[in-house]
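A.B. asks: Dropping the structure in here first, questions after.
Just so it is clear, none of the values below were taken in a lab; they were calculated from the coordinates. Predicted model, so just to flag it, every value in this text is computed and none were measured. No Cβ is skipped: glycine too gets one built from the backbone with ideal geometry, and neighbour counts run over all protein chains shown.
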Amino acid sequence: MATVANPETEIKNWFDAGVRRVIVHIESTDALPQILSMAKDNAHDRHEEDSFYAPREIGIAIDLETPNESLDPWMRDADFVQFMGIAKIGYQGQPFDERVIQKVKEFREKYPDVTISVDGGVSLETASRLIEAGANRLVAGSAIWKSEDIEETIEKFKQLGI
C-alpha cells in the first residue's frame, strides 16, 4: 500500500504497473471524476508487454468527519467504499473511533450491495461489531503485526468469515 497526496498525478503509474486495487481518499483530490473515469477505462486492459492487469477495483475512502452523502455522486463508478476507523490517518496503532460503526450502518442501509471496507483501529474486538454494522472487508494492521502469534491472529480473522 502506498499513500500519495495528489493521486491524480500518480494513478496512471499505478495503473501501468498493474495494481489490482486502488483506493482514493475522497478528501485528497478534486479530480475524483477523472480518476474514476480512468479506472473504468482501464479496468480490464491487459498490458501486452507483461502479464500485469490494470486495476480490477477502485474504491473511495472516506474520513470520519466527511458526511456519507459525499459519496453519493460517485457510487455508480466505485467498486467499493473504505471507511476510516481512526481519526488520524496514516499512523499505525491509532485507537478505534466508535463513530465509524454508525457511518457503516447508515451506508449499508442506503447501499445494501456495495462492498464496505474499514481500515484503521480494526482488531479482533472491533471486527465483529464492524461486520454486524455492515462491513464485509476489514484491513487489520497493528492487530496482526503487534500480536503475540501472528498466524493465530490471522486465523482468527479468517474465522470471522469475511
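A.B. asks: Mind checking which of Ile11, Tyr91, Tyr111 is farthest towards the positive end of the chain's charge dipole, using Cβ charges of +1 (Lys, Arg) and -1 (Asp, Glu) about the Cα centre?
C.D. replies: It is Tyr111, whose Cα lies furthest towards the positive end.
A.B. asks: Ignoring everything except DSSP H segments at least 4 long, calculate the 222 nm mean residue ellipticity for the chain; use -39,500 (n - 2.57) per segment, divide by total residues, nearest 500. Mind dumping the intermediate values first?
C.D. replies: On the way: 6 runs with 57 residues, N = 162.
Value at 222 nm, helices only, nearest 500: -10000 deg cm²/dmol.
A.B. asks: Within segment 7-159, what percent of beta bridges assigned by DSSP are antiparallel, to the nearest 5? Numbers along the way, then the final one.
C.D. replies: Values: 1 of 18 bridges.
About 5 percent, rounded to the nearest 5.
A.B. asks: When we measure straight from the Cα of Lys88, which aspartates and glutamates land under 17 angstrom away, once same-chain ones fewer than 8 places off are left out?
C.D. replies: Hits, sequence-local ones excluded: Glu27, Asp63, Glu65, Asp97, Glu98, Asp119.
A.B. asks: Let me check against my output: what whole-number percent is the relative contact order of the chain, with C-alpha pairs under 8 Å and at least 6 apart? Walk me through the intermediate numbers first.
C.D. replies: Details: 252 pairs, mean separation 25.4, N = 162.
With pairs under 8 Å counted, the relative contact order is 16 percent.
A.B. asks: Let me spell out the model: positive unit charges on the Cβ of Lys and Arg, negative unit charges on the Cβ of Asp and Glu, origin at the Cα centre of segment 68-141. What dipole size does that give, in debye rounded to 20? Please report the intermediate quantities before stating the final value.
C.D. replies: Details: 9 positive and 12 negative charges, 24 e Å.
About 120 debye.
A.B. asks: So, with +1 on the Cβ of K and R and -1 on the Cβ of D and E, and no other charges, what is the size of the charge dipole of the chain about its Cα centre, to the nearest 20 debye?
C.D. replies: Working: 18 positive and 30 negative charges, 66 e Å.
It works out to roughly 320 debye.
A.B. asks: Taking 27 Å as the cut-off for C-alpha to C-alpha distance, list the pairs among Lys105/Lys156; Lys103/Lys156; Lys103/Lys158; Lys40/Lys110; Lys12/Lys158; Lys105/Lys158 that go past it. Could the numbers behind the result be given before it?
C.D. replies: On the way: Lys105/Lys156 24 Å; Lys103/Lys156 25 Å; Lys103/Lys158 24 Å; Lys40/Lys110 23 Å; Lys12/Lys158 33 Å; Lys105/Lys158 22 Å.
Checking Cα-Cα distances, Lys12/Lys158 exceed 27 Å.
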